[in-house]
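Contents: one structure, followed by commentary.
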Amino acid sequence: MSREPGCSRWLCFAACAHLFFLLPPLRTRGEWRGRAGTPWRAKQKITFVFKSTYFLVTELKEIVFIIQSQRNSFHSKRAEDLKTDILRQAADLGKELPMVLLIHQMDRHEGAWTILPLMKDFSVTYGRNSSWIFFCEEDTRIQVVKLLEILRRFDRSKEWFLGKALYDEESTIIHHYAFAENPTVFKFPDFAAGWALSIPLVNKLAKKLKSEPLKSDFTIDLKHEIALYIWQKGEGPHLTPVPEFCTDDLNSYTVDYCATTFSNFLPLCGEPVKKEDIFVAVKTCRKFHGDRIPVVKQTWEKEAARIEYYSDYADISIPTVDLGIPNTDRGHCGKTFAILERFLNHSSPRTPWLVIVDDDTLISIFRLRKLLSCYDPDDPVFLGERYGYGLGTGGYSYITGGGGMVFSRIAVQKLLASKCRCYSMDAPDDMVLGMCFSGLGIPITHSPLFHQARPMDYPKDYLSHQIPVSFHKHWNIDPVKVYFTWLAPNTEEPRDGKKVGYNREDL
């Protein structure tokens, strides 16, 4: 069948027009003028859309994604899922895939999780062909196209430190009372929202680390300490806040605005662990029987089916168990190892979990039961808030004791079978445990839901996307009020995957 000549010309014109709009157009002088809000003609808008998409997909391969993952099977699976999602989004753009790395798989030394020791490797491997290193946690969710659009705002040839800004309202012990006169002036990143370093800054840090190795013995709050190191007492860049780096829940109305979001519900991987499956050991001493133990009894004791109080004095009114270990003013290594021995030899062998807390620890056993549903009690698990000691020079990680230390029975068995013990009765128990587990090759498993300090010692915005498991210390607070505000079972729990809010007081 023949076609009318006009129809053929029309088809040819349509095909050419279609091809024209698919190809990325060349930029002409004055074609668009940045973000100043100058009105564009319709054709210029179309041109910008196609140019923008073209450059986004070509720049994707210049970003290295680093997921701050962990060796524990539950956490490594979540990190792998995030990696798969990033690569899927990248594949949908139809261009070369970016590099996505998991910290625990790069673990050539114990301190990989502290990031800074990896800067030299990042610089050597990615210093020439990449533009950004983007860090995120396993529960961070990323909209790749939006992330790329945001990074294009910043000149990649300059030194940039980008993130969601946190700050202290008051100077705190966990930050060594830094910036005591006005702590709000110093900003540090919320890792949950993701944070980025430009390659020029990575190269600068690598060069500095090569000539000046890390000096700090302790890693306590990594996000604050990294920001301090980058700042270099004013000689380096401050954190540049990026409002699209968010910790809003995936169900939030702001999600379309955000390049990153955060899954902030309490993990639940099945039925919560039974009350009877957790043995709780409270460390105390005679001088605190009258003020600290009543707080435990008014707050969280009723959540625990199996609980014992270990002291240097047998008080039948509580009751306490005298372990025969004198109280020490410093570390309590002797007492803690005696508790471990007692758990292994005197508790039911079918009790899979041990929790050791101080008498001034506030903890939600109700939430802990949910959290432990995600861990295999047949694995050697040592769980809590992770600190580090001497990690720049081959040290070890440890679970800080004040926020609570959680052990699987098999972890206790392996520890005591190793004959690793206290070098003195008053040695710091949490650090000795970290050293022992490191020697055994058993990883420390970190959860940000455990807290070594009080709620007031953390930025409000940091706690706003958490459902905490514990806090520590009674200094200048009403601990009963803190418990019922932050930790009691009816205060804030996820329902149908959504967080139900309530008004927390300034505690």
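The table for this structure:
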| read-out | value |
| --- | --- |
| So Pro380, is it under 22 Å from Ser438 (Cα atoms) and in contact with a Pro (Cβ under 8 Å, 6 or more places away or on another chain) | no |
| Hits in the stretch 405-435 - residues which are more than 27 Å from Arg369 (Cβ to Cβ) and touching a helix residue (DSSP H, G or I) at 6+ places or on another chain (Cβ under 8 Å) | Ser418, Cys420, Arg421, Cys422, Tyr423, Ser424, Met425, Asp426, Ala427, Pro428, Val432 |
| Which numbered condition Tyr313 misses (of (1) among the hydroxyl-bearing types (Ser, Thr, Tyr); (2) under 30 Å from the mean Cα position of the chain (by Cα); (3) modelled with pLDDT of 95 or more) | (2) |
| Those strands (runs of 3 or more DSSP E) lying entirely in the stretch 388-486 with at least 3 residues open to solvent by 20 Å² or more (accessible area, probe 1.4 Å), modelled with pLDDT under 95 and more than 30 Å from Phe188 (Cα to Cα) | none |
| Looking only at the stretch 207-256, and only at residues there that are assigned to a helix (DSSP H, G or I) and hydroxyl-bearing (Ser, Thr, Tyr), the one that is farthest from the chain's Cα centre (by Cα) | Ser211 |
| Lone unmet requirement of (1) under 22 Å from the mean Cα position of the chain (by Cα); (2) farther than 30 Å from Glu212 by Cβ; (3) of a type in the set (Ser, Thr, Tyr); (4) outside the structural domain of Lys297 (by the TED database) for Tyr462 | (2) |
| Qualifying residue in the stretch 364-376 (condition: touching a Phe, Trp or Tyr at 6+ places or on another chain (Cβ under 9 Å) and without any contact (Cβ under 8 Å) to a residue 24 or more places away in the chain) | no |
| Filter result (crowded, with 23+ Cβ neighbours inside 10 Å and of a type in the set (A, V, I, L, M)) within the stretch 332-354 | Ile339, Leu354 |
| Residue list for the stretch 312-328, restricted to those being of a type in the set (A, V, I, L, M) and part of a loop (DSSP other than H, G, I, E, B) | Ala314, Ile316, Ile318, Leu323, Ile325 |
| Meets criteria (within 30 Å of Ser464 (Cα to Cα), in contact (Cβ under 8 Å) with a residue 24 or more places away in the chain and in the same structural domain as Tyr375 (by the TED database)) for Ala192 | no |
| Selection count, the stretch 224-259, where residues are farther than 30 Å from Ile467 by Cβ and free of Cβ contacts under 8 Å to residues at least 60 places away in the same chain | 5 |
| Which listed residue is over 23 Å from Tyr483 (Cβ atoms), free of Cβ contacts under 8 Å to residues at least 60 places away in the same chain and hydroxyl-bearing (Ser, Thr, Tyr), from Tyr389, Tyr313 | Tyr313 |
| Unmet requirement for Gly334, which otherwise passes all of (1) among the small types (Gly, Ala, Ser); (2) in a loop (DSSP other than H, G, I, E, B); (3) in the same structural domain as Thr400 (by the TED database) | (2) |
| Test: Asp329 is modelled with pLDDT under 95, at negative phi and buried (at least 18 other Cβ atoms within 10 Å of the Cβ) | no |
| Residue in the stretch 204-213 that is closer than 27 Å to Leu383 by Cα and open to solvent by 40 Å² or more (accessible area, probe 1.4 Å) present | no |
| Hey, Phe288 modelled with pLDDT of 95 or more, closer than 17 Å to Phe407 by Cα and surrounded by 13 or more Cβ atoms within 10 Å (Cβ to Cβ) or not | no |
| Of all residues in the stretch 314-325 being more than 18 Å from Val357 (Cα to Cα) and touching a strand residue (DSSP E or B) at 6+ places or on another chain (Cβ under 9 Å), the one that is least open to solvent (accessible area, probe 1.4 Å) | Asp315 |
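The values are calculated or read from the model by the stated rules, or taken from the named source; none is laboratory data. Owing to the predicted nature of the structure, the values given are computational and were not obtained by experimental measurement. Glycine also receives a Cβ, built like all others from the backbone with ideal geometry; neighbour counts cover every protein chain displayed. Just the protein is used for accessible areas: all its heavy atoms, side chains included, with ligands, DNA and RNA removed. Shrake-Rupley method; radii C 1.70, N 1.55, O 1.52, S 1.80 Å.
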